[in-house]
Amino acid sequence: MYMLSTACLILAAVLMPVACASSGPGADPVHVRDETSPLRRADAVQAALSMVGAPYRYGGGSPSGFDCSGLVVYSYARAGFAGLPHSAEALEHRVRPITVDDLEPGDLLFFDLAGKKSAHVAIYVGDREFVHAPSPGKRVERVGFDHVYWGPRIERAGRIAH
């Protein structure tokens, strides 16, 4: 009996720090990761999707109006990942390049427009679809890779890194 109690105490002492390693619900894991977690990326996707229909506004980063990078910054901030740069080109420097075949919801897509690298950015939502703030006079929309204009202009993909 005494041996069993001692074994239970030792086991509890070993497991307790692991169980108490977070500071509450939704806290980050103790270990540091090289990229955003799938949960944060999923939360960013939900935040972006909730903005479908919001107007385009150059330099915008709020529900009253978004440009393409402003939608990414806003969506990731709502998912608890603040401090991303408000520029498609600067965002490309914050990602780990991945192939289109390796895309997961929340990854970023970068577009080549009129020969300008990283001229546009969107958030991949899954099923070969993405959400983005397209251009002046339009609204945040969800479109597929088969879109006649946007699909052929997808050039690169990346996963946000810390």
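The values are calculated or read from the model by the stated rules, or taken from the named source; none is laboratory data. Values in this document were obtained by computation on a predicted structure and should not be read as measured data. Methodologically, a virtual Cβ is constructed for each residue, glycine included, from the backbone with ideal geometry; neighbour enumeration extends over all protein chains shown.
Within segment 125-141, the presence of a residue that is within 19 Å of P38 (Cα to Cα) and of a type in the set (S, T, Y) is excluded. Note on segment 58-83: residues that are surrounded by fewer than 18 Cβ atoms within 10 Å (Cβ to Cβ) and either among the acidic types (D, E) or touching a residue at least 40 places away in the same chain (Cβ under 8 Å) (or both) total 2. Is it the case, given these coordinates, that A114 is modelled with pLDDT under 95 and either hydrophobic (A, V, I, L, M, F, W, C) or in contact with a Gly (Cβ under 9 Å, 6 or more places away or on another chain) (or both)? Yes, satisfied. Filtered by the rule that a residue be surrounded by 14 or more Cβ atoms within 10 Å (Cβ to Cβ), free of Cβ contacts under 8 Å to residues at least 24 places away in the same chain and part of a loop (DSSP other than H, G, I, E, B), segment 146-162 gives a lone residue, H147. Residues considered: A44, A13. Of these, the only one that is at pLDDT 50 or above, assigned to a helix (DSSP H, G or I) and among the small types (G, A, S) is A44.
Here's the yes/no breakdown for (1) assigned to a loop (DSSP other than H, G, I, E, B); (2) over 17 Å from D107 (Cβ atoms); (3) in contact with a Ser or Thr (Cβ under 8 Å, 6 or more places away or on another chain); (4) not basic (K, R):
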| position | (1), (2), (3), (4) |
| --- | --- |
| Y76 | no, no, yes, yes |
| F81 | yes, no, yes, yes |
| H86 | yes, yes, yes, yes |
| L91 | no, no, yes, yes |
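May I ask you to list the residues in segment 76-111 that are at pLDDT below 95 and touching a His at 6+ places or on another chain (Cβ under 7 Å)? Once the filter is applied, which keeps residues that are at pLDDT below 95 and touching a His at 6+ places or on another chain (Cβ under 7 Å), segment 76-111 yields nothing.
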